[in-house]
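Trainee: Encoded as structure tokens, here's the structure I'll be asking about.
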Amino acid sequence: MAYLRRAVLVLSWRLLGADPKLKISNQIMANVRLEDIKRRFNNVTAIEDITFEIPDGEFWVLVGPSGCGKSTILRTIAGLETATSGKLFIGDRLVNNIPARQRDVAMVFQNYALYPHMSVAQNIGFGLQMRQVDRKIIQERVMNVARSLSLDHLLDRKPKQLSGGQQQRVALGRAIAREPQVFLLDEPLSNLDAQLRDDTRAELKQLHQELGITTIYVTHDQVEAMTLADKIVVLNRGRIQQIGDPQTIYASPINQMVASFLGSPPMNILPVIYQNNGFNVSGQLLAIPAVVKEKLQLRQGDSFDLGIRPEHIKINTDSELSTQNSGLLSVEVKLVEPLGRETLIRAGLSGSAVVLNIQVGSDVRLRPGDRLSLQLDLNHLFIFDSKTGDRILPHE
């Protein structure tokens, strides 16, 4: 019976993607390099031209809307999907034809994949048990991981006795305890409530700083991407849009998709037409900054998309400016969302479907239907090609 039980456990562990013959040794970090990776499903291309290299020990986040290919990239790195073409390296080893269990990666999925007959402690330590690690080491590591994830009071419980958030933390703990070369996380916090998600996100960042394991994290939540990442890879429709550190991508988005995806609330996009020496915004004339006139050869009727972030829009309270400063736009309040420290206002341009996001202090009292005059900081305008979405100004 003991032999049969071990055989079942070994088979289960292999199905999870780990080799029970691997031994815990001094942790060796590994860089991850993708070279022109493509993945096709029949006639559908899921990802294409995926090329980047993650240095040893860094925390990278793949972010983008649903269906953009981020999970496919992660599963390809894990060995759960096979690249149609291109090369994939973990460390200096080409792993295209290496099975998942031999890649020394640990993956946490959005679903929990816990063993229902095992306790929390047994689930967390299962990978180490299969590697035949000393029992005392297993107990010590399980306790350390459980404590860091606030699971130490639940170690004797079975998964069915846990909430969804607790089960996800157990899945996280199981992967962390293994200390693999590469840590892969596929939207692991999506089932947690807001406060627990924030707390666990902070714990993940701290754990990464302590362990230094190369980590690739998939999410559609741009707040998670901004707060966790050393570098962000923004994806859309199976292709990389931009790679950079969070602040660089936020301050210098390469195109309209990146600009509007990263930021909470998102960047405002205003369709405009060049008319009468200004930008016509739904019938209102907006001044063109001198630097824009110098760099663009504007022609009557040219169309663009202007981008401006909510923090660069203020409510104008100086009535004398209303007719003198053409950096103003007249809007009507559509929705008021109190957020405690601040209030988010959604305001529409007259005769247009365009809605602007504006952040104001919590002391500002507004109601739907109120008319506002908005002052745009024209020094922080982005200009995008209205057809391709590529950023025209400011230049790099």
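The values are calculated or read from the model by the stated rules, or taken from the named source; none is laboratory data. Note that the structure is predicted; figures quoted are calculated from it, not measured. All Cβ positions, even for glycine, are placed from backbone atoms using ideal geometry, and neighbour counts span all protein chains on display. We work out accessible area using only protein heavy atoms, side chains counted, and drop any ligands, DNA or RNA first. Shrake-Rupley method; radii C 1.70, N 1.55, O 1.52, S 1.80 Å.
Trainee: Using the Cα centre of the range 240-330 as origin and beta-carbon charges of +1 (Lys, Arg) and -1 (Asp, Glu), tell me which of Gln275, Thr248, Ser264 is placed farthest towards the positive end of the dipole.
Mentor: Of the options given, the answer is Gln275.
Trainee: Same structure again: Quick one: Kirkwood hydrodynamic radius for the range 247-343, alpha-carbon pairs, angstrom, one decimal?
Mentor: 15.5
Trainee: When you have a sec, figure out the Kirkwood radius of the chain from all distinct Cα pair distances and drop it here in Å to one decimal? Intermediate values should be presented prior to the final figure.
Mentor: Details: mean 1/r = 0.0419 Å⁻¹.
Evaluated on the chain, it is 23.8 Å.
Trainee: If you don't mind, another one. On a 0 to 90° scale, report how tilted helix 164-178 is relative to the longest principal axis of the chain, with both axes built from alpha carbons and the result rounded to the nearest 10.
Mentor: Result, in degrees: 60.
Trainee: Mind checking which aspartates and glutamates have their Cα closer than 18 Å to the Cα of Lys295? Skip sequence neighbours fewer than 8 apart in that chain.
Mentor: Within reach: Asp305, Asp385, Asp390, Glu396.
Trainee: Ordering His117, His153, His380 by how much accessible area each has at a 1.4 Å probe, largest first, what is the list?
Mentor: Values: His117 100, His153 125, His380 75 Å².
Per-residue accessible area, sorted high to low, gives His153, His117, His380.
Trainee: If you roll a 1.4 Å probe over the chain with all protein chains in place, what percent of the accessible area is carbon or sulfur? Please report the intermediate quantities before stating the final value.
Mentor: On the way: 9270 of 19520 Å².
That fraction is 48 percent.
Trainee: In a shell of Cβ-Cβ distance under 9 Å around Gly165, excluding Gly165 itself, what net charge do Lys and Arg (+1) and Asp and Glu (-1) give?
Mentor: +1
Trainee: Rounded to the nearest 20 debye, what is the charge dipole size of the chain about its Cα centre when +1 sits on each Lys and Arg Cβ and -1 on each Asp and Glu Cβ?
Mentor: Working: 45 positive and 42 negative charges, 365 e Å.
Dipole of the chain, to the nearest 20 debye: 1760 debye.
Trainee: So, one more: Cα axis of helix 120-130 to longest principal axis of the chain: angle in degrees, 0 to 90, nearest 10?
Mentor: 60
Trainee: Could you go through the range 373-386 in sequence order and give the Karplus-derived ³J(HN,Hα) for each residue, using 6.51 cos²θ - 1.76 cosθ + 1.60 with θ = phi - 60°, rounded to whole Hz, and x for Gly and Pro?
Mentor: 10, 9, 9, 8, 7, 5, 6, 10, 7, 10, 10, 10, 5, 5
Trainee: Can I ask one more? Please state the Cα pair-distance histogram of the range 171-236 with 10 angstrom bins from zero: what percent is in each bin?
Mentor: Calculated P(r), rounded to whole percents: 18, 59, 22, 0.
Trainee: Once you keep just the Cα pairs under 8 angstrom separated by 6 or more residues, what percentage relative contact order results for the chain? Could the numbers behind the result be given before it?
Mentor: Values: 777 pairs, mean separation 58.0, N = 396.
Taking the mean separation of contacting Cα pairs over the length of the chain, I get 15 percent.
Trainee: Determine the sum of side-chain charges near Gly351: Lys and Arg each +1, Asp and Glu each -1, restricted to other residues whose C-beta is under 15 angstrom from that of Gly351.
Mentor: On the way: positive: Lys334, Arg371; negative: Glu332.
Cβ neighbours under 15 Å give a net charge of +1.
Trainee: To continue, here is another question. Of Arg33, Arg237, Arg346, which has the largest mean-square fluctuation in a 10 Å C-alpha GNM of the chain?
Mentor: Arg346
Trainee: Under the rule of at least 5 residues apart or a separate chain, name every residue whose amide H is placed under 5 Å from the amide H of Ser350.
Mentor: So Ser350 has HN proximity to Glu332.
Trainee: Then there's this: Provide the solvent-accessible area of His312, counting protein heavy atoms only and rolling a 1.4 Å probe, rounded to the nearest 10 Å².
Mentor: Taking all protein chains as shown, His312 has close to 50 Å².
Trainee: Separate question: For Glu210, Glu48, Glu53, give the ranking by accessible area with the largest first, probe 1.4 Å. Before the final figure, lay out the partial values.
Mentor: Values: Glu210 125, Glu48 50, Glu53 90 Å².
Greatest to least solvent exposure: Glu210, Glu53, Glu48.
Trainee: Can you work out the accessible area per residue across the chain, with the rest of the protein chains kept in place, probe 1.4 Å, in square angstrom? Mind dumping the intermediate values first?
Mentor: Values: 19520 Å² over 396 residues.
Solvent-accessible surface per residue comes out at 49 Å².
Trainee: Could you size up the charge dipole of the range 180-291 around its Cα centre, putting +1 on the beta carbon of Lys and Arg and -1 on that of Asp and Glu, and report it in debye to the nearest 20? Before the final figure, lay out each step's value.
Mentor: Values: 6 positive and 11 negative charges, 114 e Å.
Dipole magnitude for the range 180-291 comes out near 540 debye.
Trainee: In sequence order, what are the phi-derived ³J(HN,Hα) couplings for the range 111-119 according to the Karplus relation 6.51 cos²θ - 1.76 cosθ + 1.60 with θ = phi - 60°, rounded to whole Hz, with x for glycine and proline?
Mentor: Here the 3J(HN,Hα) series is 7, 8, 6, 9, 7, x, 8, 9, 6 Hz.
Trainee: Between their Cα atoms, which of Lys136/Lys231; Lys231/Lys387; Lys87/Lys231; Lys231/Lys334; Lys136/Lys158; Lys293/Lys387 are more than 26 Å away from each other? Write down the numbers at each step before the final one.
Mentor: On the way: Lys136/Lys231 37 Å; Lys231/Lys387 28 Å; Lys87/Lys231 21 Å; Lys231/Lys334 36 Å; Lys136/Lys158 22 Å; Lys293/Lys387 20 Å.
Checking Cα-Cα distances, Lys136/Lys231; Lys231/Lys387; Lys231/Lys334 exceed 26 Å.
Trainee: Assuming a viscosity of 0.692 mPa s and a temperature of 37 °C, what translational diffusion coefficient in µm² per second does Stokes-Einstein assign to the range 55-185, Rh being the Kirkwood radius over Cα pairs? Mind dumping the intermediate values first?
Mentor: Numbers: Rh = 16.0 Å.
Rounded, D is 205 µm²/s.
Trainee: Using a simple charge model, +1 on the beta-carbon of Lys and Arg, -1 on the beta-carbon of Asp and Glu, nothing else, what dipole does the range 264-396 show about its Cα centre, in debye to the nearest 20?
Mentor: Charge dipole, the range 264-396, about its Cα centre: 200 debye, nearest 20.
Trainee: Further, regarding this structure: All other residues with a Cβ under 13 Å from the Cβ of Tyr112 taken together, and with Lys, Arg as +1 and Asp, Glu as -1, what is their net charge? Let's see the in-between values first.
Mentor: Numbers: positive: Lys158, Lys160, Arg169, Arg174; negative: Asp186, Glu187.
Result for the local shell: +2.
Trainee: Hey, what angle do you get for helix 2-16 against the long axis of the chain, alpha-carbon based, 0 to 90 degrees rounded to 10?
Mentor: That works out to roughly 20 degrees.
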